[in-house]
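J.: Following this message is one structure expressed as structure tokens.
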Amino acid sequence: MHTVRLNLAFLSTKSVPTLFWSSPKPLNFRPRATTFLFLVTGLTIFGLGEALIINAGLGVSPWTVLAQGVSKVAGWTIGLSTFVVSVAVLLAWVPLKQSPGIGTVANAIIISLTLEYSLAYLPSPEGVVLQTAQVVIGVLIVGIGSAIYLVANLGPGPRDGLMTGLQRVTGFPIGWVRGSLEVAVVAAGWLLGGVVGLGTVLFALLIGPAVSASLYGFQQMFGKESQ
């Protein structure tokens, strides 16, 4: 029983730790080179994980499902719907008192560029077993990338900012907050008419634990106290 508690300790992670590459504040336009390097590295890893999930061909991400649903109900293009959803998420930051930073902008730019230039070089497996394995690997990689760039503390992306803001307000563990968000988004998108695949469900269920485990692992490795 003791071993199980030890192995699942990461599920109780409630904050983003402060490590050697962390910025002292999110709104920092002159970060140290180390901090900026980790920000870029984390976002690039995040993008590679997302690209693996896309190439697996088992369904789009939960937030894309929501955008599809909004598109069908409102009669908008998927691009416009995605933009509206992103704006709505950013507006939700206001009552949560979240602080943006250069990482908020870099999130969109670097992940988009990584997707643009990596999709053609990553595997597109055939067969549900290999596709499922690639989705799981992709989610784990997204979790690692998320943790690296969140620890940099230069401002989260829209959805990660919603996650950290809700965590601070509710006091619940990060993994539970992120998982609940993704499941709620999938459910809302599906009810609005979005298409849900096996990869979508796996992402929704696994991304919370993946981010939480990565944050916990980095904190254990580098030994500093959380914020």
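What follows draws every value from the coordinates through simple rules; no lab data is involved. These numbers come from a predicted model, not from an experiment. FYI the Cβ positions are ideal-geometry reconstructions off the backbone, even for glycines, and counts take in every protein chain you see.
J.: At a 10 Å Cβ-Cβ cut-off, how would you order ARG30, ARG178, ARG168, ARG159, fewest neighbours first? List each step's numbers first, then the result.
T.: Working: ARG30 7, ARG178 27, ARG168 17, ARG159 20.
Sorted ascending by nearby Cβ count, the order is ARG30, ARG168, ARG159, ARG178.
J.: Given only helices, namely DSSP H runs of n ≥ 4 each adding -39500 (n - 2.57), what is the per-residue ellipticity at 222 nm of the chain, to the nearest 500 deg cm²/dmol? Please list the in-between numbers first.
T.: Details: 9 runs with 160 residues, N = 227.
Rounded to the nearest 500, it is -24000 deg cm²/dmol.
J.: What's the longest piece of the chain with no exposed GluC sites (Glu not before Pro), counting a site as exposed if DSSP puts it in a loop and it has at most 11 other beta carbons within 10 Å? All intermediate terms of the calculation are to be shown ahead of the outcome.
T.: On the way: sites that count: GLU126, GLU225.
The longest uninterrupted stretch comes out as 1-125.
J.: Additional query: Across the stretch 84-93, in residue order, what do the Karplus-derived ³J(HN,Hα) couplings come to in whole Hz, using 6.51 cos²θ - 1.76 cosθ + 1.60 with θ = phi - 60° and x for Gly and Pro?
T.: For the stretch 84-93, the Karplus-derived couplings read 5, 4, 5, 5, 4, 5, 5, 5, 5, 5 Hz, x marking Gly and Pro.
J.: While we're looking at this one, here's another question. Please arrange TYR149, TYR216, TYR121 by counting, for each residue, the other beta carbons lying within 10 Å of its beta carbon, fewest first. Please list the in-between numbers first.
T.: Values: TYR149 29, TYR216 21, TYR121 8.
By the 10 Å Cβ count, ascending, the order reads TYR121, TYR216, TYR149.
J.: Write out the chymotrypsin sites (Phe, Trp or Tyr not before Pro) in the stretch 1-72 meeting two conditions: DSSP loop, and at most 11 other Cβ atoms within 10 Å of their Cβ. Before the final figure, lay out each step's value.
T.: Details: sites: PHE10, PHE20, TRP21, PHE29, PHE36, PHE38, PHE46, TRP63; in loops: PHE20, TRP21, PHE29.
Sites meeting the loop and neighbour criteria: PHE29.
J.: If you don't mind, another one. Quick check: residue separation of ALA92 and LEU80 times 0.36 nm, minus the Cα distance between them. What number comes out in nm? Present the calculation step by step, with values, prior to reporting the outcome.
T.: Values: separation 12, 0.36 × 12 = 4.32 nm, distance 1.85 nm.
Full-extension gain reported as 2.5 nm.
J.: Could you give the Stokes-Einstein D for the stretch 31-222 in µm² per second, using the C-alpha Kirkwood radius, 10 °C, 1.306 mPa s?
T.: In µm²/s, the coefficient is 94.
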